[in-house]
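**Student:** Just dropping this structure here.
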Amino acid sequence: MSAESATVLIVDDAPECLSVLGELLQPHYRVRVANSGPTALRLAAAGPPPDLVLLDMMMPGMDGRATFARLRADPATAEVPVIFVTAMSEIKDELSGLEAGAVDYITKPIVPQLVLARVRIQLELKLARDRLNVQNRWLEREVARRMEENDLTQRVAIHALARLAEMRDMETGNHLLRTQGYVQLLGRLLQRDPSFRPQLSDYDIDLMARSAPLHDIGKVGIPDRILLKPGKLDAAEWDIMRTHARLGEEAIAQAERDAGRPLDFLACAKDVAGHHHERWDGKGYPDGLAGEAIPLSARLMALADVFDALISCRCYKPALAFEAARGLIEAGRGSQFQPELVDAFLAHFDDFVAIALCYADKVEGVEG
């Protein structure tokens, strides 16, 4: 819209006022007229809303204030600028109209040059606001697009990095998707519990699920002769294998230092990588943390990782049936795993099985 092609709606019950204002504005703008509030509302709603309304305050029936309130209440006309036109010329009347939300106030008898100037100014201001709104909407879409692109890039980078470790362990990318799904489901289930809710906002759960694929990133530092050994590890080999938790934690801690400032995602990923082998009873590694001293993200990851390991084939073991894995998780309640986590897992076991089947490995497979 240009200011010259704007539509001005004139509302006045006096025919002579409609005639005078119409003749004054017609050479410059599209003009529509209404002789009452209800007629003005019908005209405003019948097609594209006007760009400006000149509204008489003193009309029988629905007066200018009531008409103005109805225009503001309709989303289609709520932003249309309104100039009150009235014979009331006292300062308090003008202030009252402006405080009600009108953009200007014209007193009768009108001064043609003044009316034209005020109408032109308000239309130019509306044109500027409209352009700004269009630009803002474009910027909002562009910001949303770039945020979505950055989010996707981060997710892809996380999975690519995590798969470097998983591929060395002869696991598949689906293990990452399954454990990520288990962690997210556990978080959602525990979120219903008031005692967990402060630690499990939607944002927290998203962080935990995003960081889950990095739980075994430290395995890149484990020698192949140990990582890929088909049989049981001896004591010395097991000691080396267990260092993967500390290696992962330190790698992510270094990434934190490189970032130069704290990042929630890296803090969560560091907890998951460093402590997902801790046990509720304090007999895990690397730090022997017990109970709630173990970060909640790591507690969720511990159960998710063990369940998926039980139902998945490995070079040193076959996959267990779902029910057998369920029994082992239940047996670890209060010792290996926090009781509330196990209870949530057992109560919604079918949902965990559904995730396992959805992301089942194509070759080695999880046990169905």
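Just so it is clear, none of the values below were taken in a lab; they were calculated from the coordinates. What you are looking at is a predicted structure, and each value in this text was computed from that prediction instead of being measured. For neighbour counting, all protein chains shown are included, and Cβ atoms are generated from backbone atoms with ideal geometry for every residue, glycine included.
**Student:** Taking θ as phi - 60°, what are the ³J(HN,Hα) couplings along the stretch 317-322 by the Karplus curve (6.51, -1.76, 1.60), each to the nearest whole Hz, with x for Gly and Pro?
**Tutor:** 6, x, 7, 8, 5, 4
**Student:** Which of rounded, prolate, oblate describes the chain, given a ≥ b ≥ c as roots of the alpha-carbon gyration tensor eigenvalues and a/c under 1.5 marking rounded, otherwise prolate only if a/b is larger than b/c?
**Tutor:** Working: a/c = 3.92, a/b = 3.46, b/c = 1.13.
It is prolate, given that a/c is not under 1.5 and a/b is the larger ratio.
**Student:** Another one. How tilted is helix 202-211 with respect to the longest principal axis of the chain? Cα atoms for both, answer in degrees (0 to 90, nearest 10).
**Tutor:** 40 degrees
**Student:** A further question follows. Arrange I240, I311 by Cβ neighbour counts within 10 Å, fewest through most, would you? Could the numbers behind the result be given before it?
**Tutor:** Details: I240 15, I311 23.
In order of increasing Cβ crowding within 10 Å: I240, I311.
**Student:** Can you list residues whose amide H is under 5 Å from R333's amide H, if they're 5+ apart or on another chain and H is modeled 1.01 Å from N?
**Tutor:** none
**Student:** With a Förster radius of 30 Å, plug the Cβ-Cβ distance of S201 and R145 into 1/(1 + (r/R0)^6) and report the FRET value to the nearest 0.05. Write out the running numbers ahead of the final one.
**Tutor:** Values: r = 25 Å, r/R0 = 0.85.
Efficiency, rounded to the nearest 0.05: 0.75.
**Student:** Quick one: what are the phi-derived ³J(HN,Hα) couplings along the stretch 108-121, Karplus 6.51/-1.76/1.60 with θ = phi - 60°, whole Hz, x for glycine and proline?
**Tutor:** 8, x, 6, 9, x, 5, 5, 4, 4, 5, 5, 5, 4, 4
**Student:** Taking the simple approach of a point 7 Å from Cα along Cα-to-Cβ for both R129 and A324, what is their distance in nm?
**Tutor:** It is 7.2 nm.
**Student:** Output wanted: per-residue J couplings in Hz (rounded whole) for the stretch 8-22, from phi through Karplus 6.51 cos²θ - 1.76 cosθ + 1.60, θ = phi - 60°, x for Gly and Pro.
**Tutor:** Going residue by residue, I get 10, 9, 9, 10, 7, 7, 8, x, 5, 5, 4, 5, 5, 5, x Hz, with x marking Gly and Pro.
**Student:** Still on this structure, please answer the following. Treat the count of other C-beta atoms within 10 Å as a stand-in for reagent exposure and order S195, S312 from fewest to most.
**Tutor:** Exposure proxy ranking, most exposed first: S195, S312.
**Student:** Let me ask another. Mind pulling up the Rg/Rh value for the stretch 34-133? Radius of gyration and Kirkwood radius, both on Cα.
**Tutor:** That ratio equals 0.95.
**Student:** Another one. Check I10: other-chain or 5+ apart residues with amide H under 5 Å from its amide H, H built from backbone geometry?
**Tutor:** Amide H to amide H, under 5 Å and 5 or more residues apart or across chains, I10 pairs with R32, V33, A34, L54.
**Student:** Kindly express, to the nearest 10 degrees and within the range 0 to 90, the angle between helix 64-73's C-alpha long axis and the longest C-alpha principal axis of the chain.
**Tutor:** Long axis of 64-73 versus the principal axis of the chain: about 20 degrees.
**Student:** Quickly estimate the mean residue ellipticity at 222 nm for the chain, helices only: each DSSP H run with n ≥ 4 gives -39500 (n - 2.57), and the total goes over all residues, rounded to 500.
**Tutor:** Result for the chain: -18500 deg cm²/dmol, rounded to the nearest 500.
**Student:** Could you put W280, W138 in order, starting from the residue whose Cβ has the fewest other Cβ atoms within 10 Å?
**Tutor:** W138, W280
**Student:** Report the full-extension gain for the segment N136 to Q254: residue separation times 0.36 nm, less the Cα-Cα distance, to one decimal in nm.
**Tutor:** Gain on stretching N136 to Q254: 38.6 nm.
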